[in-house]
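The next block holds one structure in the form of structure tokens; read it before the comments.
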Amino acid sequence: MKALKYILLLLLVLIIGFSIYVAVQPNEFKFNRSKIIKAPVSLIFNKVNDFKKWPDFSPWIEQEPDAQLTFGDITVGKGGNYSWLGEILGEGSMKTIATEDNKSITQEINFIKPFEAQSNINWNFEESPEGTKVTWAMDGNQDFVTKLVTVFMGSIESQTGPDFERGLFKLDSIVQEDMKRYDVKINGVTEYGGGFYIYKTTNANSKNISAKMGKNYGAIMQFMGQNGLKQSGMPLTVYNEMSESGVIMSNGIPVNEKVEIPEGADVALGFIPNMKVIKTTLTGNYTNLRKAYEAAYKHLAENKLEPAEHKPFEIYVTDPGNYPNPADWKTEIYIPIKE
């Protein structure tokens, strides 16, 4: 009988000691994971800020793709919300509390089943030389039950941290794939109205063409500003020569009328006449222009159309500054053809 009492007393001491051990565990938890994604900050921010985009990169929905997702009337920005219900995921909801465009998103996550808990989610987006540093953080309080679970199963960070890493990896992947989208459309035979443009000519190759274009357009815009000239259309490029090794190009900006160019200026005035052309539209990154030209010249050959003596040119319909995703950029390609 005494032995039983000692055993019960020992068990009581162990239970009390264990309870004290659980109780003295941290009352709060906090952790984060970061990844640099080679993409514009606004493109990444917009994906995270819309809960309807979350199934594409959520590490939890990946575990149970058939889980029931219910999206609120608002899914983007402050007030955006959605909930889930599944055998693996349990039941819960998430809501966006605050946002700062292209900088941060604050959210609240509520778990209902298999246990009740509430935590804070914070996203931070920081531009860096390599791209955008995305930080996904989580913090919250730990009640006794939560502390008890973490004693046996490990900290919330050890359980959830790998999910955050997986989510950031998936976010990176879908952003990269999204930026690679492109489409080439042969619009067919049409007329180009023509007009004057101020231009600067240089040679370039695949490695430096973007930098040289930017430098040329900068010089042209500076000249136009100094001389009170207004832009009458989107920037264009006339290709004087094209080869495997590179191009000789004239980057230009349209103006309404013929203007006098001062002697010694590093820009010149050009004119494109009204003429018949084959028009092709590229929707996507400029790196796909070669494929668009190949499709255009293939169309010429298949339809027995002959290029005219005038040089091919392209017009940049969209300003990349207003379209962070290269997949949304539009370029019109014009190849002059004989009448």
Problem - Per-bin percent of Cα-Cα distances, the range 92-144 [5 Å] - result: 5, 18, 22, 21, 13, 10, 6, 3, 1
Fill in the blank from the handout: In whole percent, the Cα-Cα distances of the range 225-339 spread across 5 Å bins from 0 upward as 2, 9, 18, 21, 19, 15, 10, 4, 1, 0
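For ARG181, ARG33, write out the residues from largest to smallest accessible area, computed with a 1.4 angstrom probe and no ligands counted. Can you show the working numbers first?
Values: ARG181 115, ARG33 50 Å².
Solvent-accessible surface, decreasing: ARG181, ARG33.
Just give me a number: lysine pairs in the range 213-339, eight or more positions apart or cross-chain, with C-alpha atoms less than 13 Å apart.
Values: LYS230/LYS258; LYS276/LYS311; LYS276/LYS338; LYS279/LYS298; LYS279/LYS330; LYS304/LYS338; LYS311/LYS338.
Eligible lysine pairs with Cα atoms under 13 Å apart amount to 7.
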Practice task
Quick one: Debye curve from the alpha-carbon atoms of the range 277-339 only, equal weights, vacuum; give me log10 I(q)/I(0) at q = 0.15, 0.20, 0.27, 0.30 Å⁻¹ to two decimals.
Solution key: -0.47, -0.74, -1.10, -1.26
Fill in the blank from the handout: Answer check: the chain, Cα atoms, Kirkwood Rh, Rg/Rh ratio of 1.21
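Under a Cβ-Cβ cut-off of 13 Å, what is the net charge of the residues other than PHE71 that fall near it, where Lys and Arg count +1 and Asp and Glu count -1? Display every interim value, and only then the final one.
Details: positive: LYS52, LYS53, LYS95; negative: ASP50, ASP73.
Around PHE71, the charge tally is +1.
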Practice task
Round to the nearest 10 and give me the degree value, 0 to 90, for the angle of helix 144-153's Cα axis relative to the longest principal axis of the chain.
Solution key: 80 degrees
Problem - Between helix 209-226 and the chain: long-axis angle, C-alpha atoms, 0 to 90°, nearest 10 - result: 70 degrees
Handout entry: Accessible-area composition of the chain, carbon plus sulfur, in percent [1.4 Å probe]
Key = 53 percent
Completion exercise
For ASN203 and LYS215, extending 7 Å from Cα along the Cα-Cβ vector and measuring point to point gives, in nm, a value of 1.4 nm
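In the range 284-339, what trypsin sites (Lys or Arg not before Pro) fall in a loop by DSSP, with at most 11 other Cβ atoms inside 10 Å? Walk me through the intermediate numbers first.
On the way: sites: ARG290, LYS291, LYS298, LYS304, LYS330, LYS338; in loops: LYS304, LYS338.
For trypsin sites (Lys or Arg not before Pro) across the range 284-339 that sit outside H, G, I, E and B with at most 11 neighbouring Cβ atoms in 10 Å, the list reads LYS304, LYS338.
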Handout entry: Anchor LYS103: aspartates and glutamates whose Cα lies under 16 Å away (excluding residues fewer than 8 positions away in-chain)
Key = ASP50, GLU126, GLU127
Practice task
Show which aspartates and glutamates lie in cross-link reach of LYS200 when reach means a straight Cα distance below 17 angstrom and same-chain residues fewer than eight apart are skipped.
Solution key: GLU241, GLU260, GLU263, ASP266, GLU314
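The values are calculated or read from the model by the stated rules, or taken from the named source; none is laboratory data. In this text, all values refer to a predicted model and were calculated from it rather than measured experimentally. So basically every Cβ, Gly included, is an ideal-geometry build from the backbone, and we count neighbours across all protein chains shown. Only protein heavy atoms, including side chains, enter the accessible area calculation; ligands, DNA and RNA are left aside. Shrake-Rupley method; radii C 1.70, N 1.55, O 1.52, S 1.80 Å.
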